[in-house]
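The values are calculated or read from the model by the stated rules, or taken from the named source; none is laboratory data. Not measured: the values here are computed from a predicted model. Note that each Cβ is placed from the backbone with ideal geometry, even for glycine, and that neighbours are counted across all protein chains shown. Protein only, heavy atoms only, side chains kept; ligands, DNA and RNA dropped before computing areas. Shrake-Rupley method; radii C 1.70, N 1.55, O 1.52, S 1.80 Å.
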Amino acid sequence: TILAVIFLVNSMKIWRRRREANAPLSPIEPLPAGMFNAHAYEKHGRWGSAASTPASLSPERAKPPGLAARTPIEAGLPTQDAIIWEAERRIVFTGFSADYLIEGLDLPAWSDERGCECPGPRNVVFDGGRKFRYQWKVVVNAETDENGWQYAWRFTEGAEWLCTLDTVNTWVRRRQHHGRCLGPIEEPEGGANDAATPGMEPMASDAKIGREAASGAPARTVEEMLTENEQYRRYIQLYLSIRNDVDFIVGILEKYKNLITWRDETITGMIFVFLLIIFALSFVVPTSLVFGFFVGLTFYIGSMMGQRKRANRALFLDQLSRWSSSVCGQQLSLKASDSCSVLEERGVSRLGLRDWCNRTFMTQLNLRSVDLCTTLGELGDLVVLASACFEKTPRRYRAWHSDFYNNLIDHVPSDETHHDARSICYKAADPVSLPAVS
């Protein structure tokens with residue numbers, strides 16, 4: 001009922017505004033050049049062709065240069081950069097998908113600068129009988145969310161595009177893919193086809209990377225999980241994580257308190273003897289030796305952490321090299337010092353790289369965090385930190401000397417165990433005699 005009332009109110013506002021202006025809605029904010037030129041939103045609520053573009057639009061805006069109207073190929077000049085828009089629609093409790101777009105009302109799933117339907121981003125673009133190599137990147141800035149999406153009520157010229165999802169007022173979204181022309185592709189003398197050229201497969205497969213595993217099983221990406229149920233689940237997960245952190249910290253403080261309060265006589269007796277030994281050694285052992293011991297222990301722990309970090313980074317780079325080699329069609333050996341643009345130059349987009357990281361290492365990285373990584377080593381550290389697939393803490397063996405401190409703390413009871421019937425420290429409440437009923 002609430003959604004129906006909101007829909008009727010917004011419909012009345014749109015109808016009243018159109019009736020007063022007797023023209024299509026004026027834009028609330030400037031849109032990218034050519035976004036709604038060839039398929040302008042007509043008076044009857046449908047996307048028209050280039051012939052139905054309003055006459056108020058200037059010829060330059062009504063017909064911007066597209067892939068078919070580029071700099072003359074015969075002059076040997078490179079093709080201009082290209083812009084492709086990705087569009088999706090949302091259904092309640094289902095999420096966004098290009099399959100929900102309404103034909104004739106919404107934009108196509110992929111559209112060029114003029115609003116015409118086109119294939120998705122491709123590494124190779126044919127123009128004037130020649131092939132040009134393109135490098136694609138999703139535009140992520142302050143006007144988009146962390147994955148490059150903008151949200152609105154519907155695809156109209158007067159749509160107010162937001163950078164965050166509103167489950168009530170946003171039902172469509174768009175994302176801009178910017179393609180940079182790297183230059184023409186020279187054909188080999190043997191006349192090899194496109195399949196023989198490494199790294200030249202269509203970038204349209206990048207949209208499926210992360211959605212389909214190597215076996216063809218579907219896998220949901222971060223963008224597809226943006227639904228009402230998923231937001232509710234994330235809020236619950238955030239609440240549980242905060243509660244668990246608070247419970248852990250309070251439990252540790254209670255254990256430190258119970259070390260000296262004789263809650264467990266055995267543990268407190270051991271601590272008492274240990275403090276007596278330290279007090280006796282303080283008269284014999286120089287302070288410099290004690291200070292040097294703790295400094296050396298700190299460097300030893302840091303060295304062990306650095307070894308694990310480098311080992312996990314090497315494991316990530318090895319899997320990344322094998323995956324990128326299968327995508328590019330040539331053997332690659334990636335290093336931590338290599339720039340992330342190395343993969344883009346070989347046809348692997350940031351979107352495809354992000355989806356592969358999320359699918360392989362079960363993370364939820366966004367494009368903005370991936371764009372901040374300048375080298376593959378920084379990307380590896382980011383994935384290792386966010387993933388639970390790597391062994392980041394040393395194993396605790398079932399022996400007292402493997403981790404003496406944590407093993408001791410595990411045996412110290414907290415105040416919660418005093419009231420937990422499953423704990424060995426549980427103590428039943430003393431019986432209370434009730435007064436006689438008169």
Pairs returned, first residue in segment 230-256 that is in contact (Cβ under 8 Å) with a residue 12 or more places away in the chain, second residue that is in a helix (DSSP H, G or I) and of a type outside the set (Asp, Glu), beta-carbon separation under 7 angstrom, 6 or more apart or interchain, are Lys255/Ile409
Does any residue of segment 361-372 turn out to be among the charged types (D, E, K, R) and either on the phi > 0 side of the Ramachandran plot or part of a loop (DSSP other than H, G, I, E, B) (or both)? no
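Hey, among Arg90, Arg154, which residue is part of a loop (DSSP other than H, G, I, E, B) and either in contact (Cβ under 8 Å) with a residue 12 or more places away in the chain or crowded, with 19+ Cβ neighbours inside 10 Å (or both)?
Working: Arg90 fails: part of a loop (DSSP other than H, G, I, E, B).
Step by step, each of Arg90, Arg154 is checked, and only Arg154 is part of a loop (DSSP other than H, G, I, E, B) and either in contact (Cβ under 8 Å) with a residue 12 or more places away in the chain or crowded, with 19+ Cβ neighbours inside 10 Å (or both).
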Starting from residues that are of a type outside the set (A, V, I, L, M, F, W, C) and in a loop (DSSP other than H, G, I, E, B), keep the ones in segment 347-360 and report whichever is farthest from the chain's Cα centre (by Cα). Gly347
State which residue pairs qualify: first residue within 14 Å of Ile83 (Cβ to Cβ) and inside segment 106-133, second residue of a type in the set (Phe, Trp, Tyr) and at pLDDT below 80 in any location, beta carbons under 6 Å apart, and separation of 6 or more residues or different chains. Gly115/Phe36
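For residues that are assigned to a loop (DSSP other than H, G, I, E, B) and either hydrophobic (A, V, I, L, M, F, W, C) or within 13 Å of Ser341 (Cα to Cα) (or both), tally how many sit in segment 373-388. Reasoning before the result, please.
Keep residues of segment 373-388 that are assigned to a loop (DSSP other than H, G, I, E, B), which gives 373-374, 387-388.
Then keep just the ones that are either hydrophobic (A, V, I, L, M, F, W, C) or within 13 Å of Ser341 (Cα to Cα) (or both); that gives 373-374, 388.
Of the residues in segment 373-388, 3 are assigned to a loop (DSSP other than H, G, I, E, B) and either hydrophobic (A, V, I, L, M, F, W, C) or within 13 Å of Ser341 (Cα to Cα) (or both).
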Collect the residues in segment 226-249 that are more than 30 Å from Arg89 (Cβ to Cβ) and open to solvent by less than 70 Å² (accessible area, probe 1.4 Å), keeping them in residue-number order. Leu240, Ser241
If Arg263 meets every condition in (1) touching a residue at least 24 places away in the same chain (Cβ under 8 Å); (2) over 28 Å from Asp410 (Cβ atoms); (3) open to solvent by 60 Å² or more (accessible area, probe 1.4 Å) apart from one, which number is that one? (2)
When you check Arg310 against the structure, is it open to solvent by 40 Å² or more (accessible area, probe 1.4 Å), farther than 30 Å from Thr266 by Cβ and within 18 Å of the chain's Cα centre (by Cα), yes or no? no
Filter segment 282-303 for residues that are farther than 27 Å from Pro394 by Cβ and open to solvent by 90 Å² or more (accessible area, probe 1.4 Å); the one that is nearest to the chain's Cα centre (by Cα) is Thr287
Would you say Ser369 is within 26 Å of Gly120 (Cα to Cα), surrounded by 19 or more Cβ atoms within 10 Å (Cβ to Cβ) and of a type in the set (Ser, Thr, Tyr)? no
In this structure, does Leu351 turn out to be within 22 Å of Tyr134 (Cβ to Cβ), surrounded by 18 or more Cβ atoms within 10 Å (Cβ to Cβ) and either among the charged types (D, E, K, R) or in contact (Cβ under 8 Å) with a residue 12 or more places away in the chain (or both)? yes
Here is a list of conditions, (1) open to solvent by 80 Å² or more (accessible area, probe 1.4 Å); (2) touching a Cys at 6+ places or on another chain (Cβ under 6 Å), and Val383 meets all of them except one; can you say which number that is? (1)
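Which residue is modelled with the lowest pLDDT, if the candidates are limited to segment 173-191 and must be open to solvent by 40 Å² or more (accessible area, probe 1.4 Å) and assigned to a loop (DSSP other than H, G, I, E, B)?
Let us first name the residues in segment 173-191 that are open to solvent by 40 Å² or more (accessible area, probe 1.4 Å), namely 178, 180, 182, 184, 186-191.
Cutting the leftovers down to assigned to a loop (DSSP other than H, G, I, E, B) gives us 186-191.
On the way: Glu186: 73, Glu187: 66, Pro188: 60, Glu189: 54, Gly190: 50, Gly191: 46.
Selected residue: Gly191.
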Within segment 313-343, the count of residues that are closer than 30 Å to Phe132 by Cα, open to solvent by 20 Å² or more (accessible area, probe 1.4 Å) and touching a residue at least 60 places away in the same chain (Cβ under 8 Å) comes to 3
For segment 97-112, enumerate the residues that are open to solvent by less than 30 Å² (accessible area, probe 1.4 Å) and closer than 23 Å to Gln135 by Cα. Ser111, Asp112
Single residue of segment 113-136 satisfying the filter (within 21 Å of Glu344 (Cβ to Cβ) and of a type in the set (D, E, K, R)) that is most open to solvent (accessible area, probe 1.4 Å): Arg122
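So which of Ser337, Ser303, Ser324 is part of a loop (DSSP other than H, G, I, E, B) and under 30 Å from Leu382 (Cβ atoms)?
On the way: Ser303 fails: part of a loop (DSSP other than H, G, I, E, B); Ser324 fails: part of a loop (DSSP other than H, G, I, E, B).
Going through Ser337, Ser303, Ser324 in turn, the sole match is Ser337.
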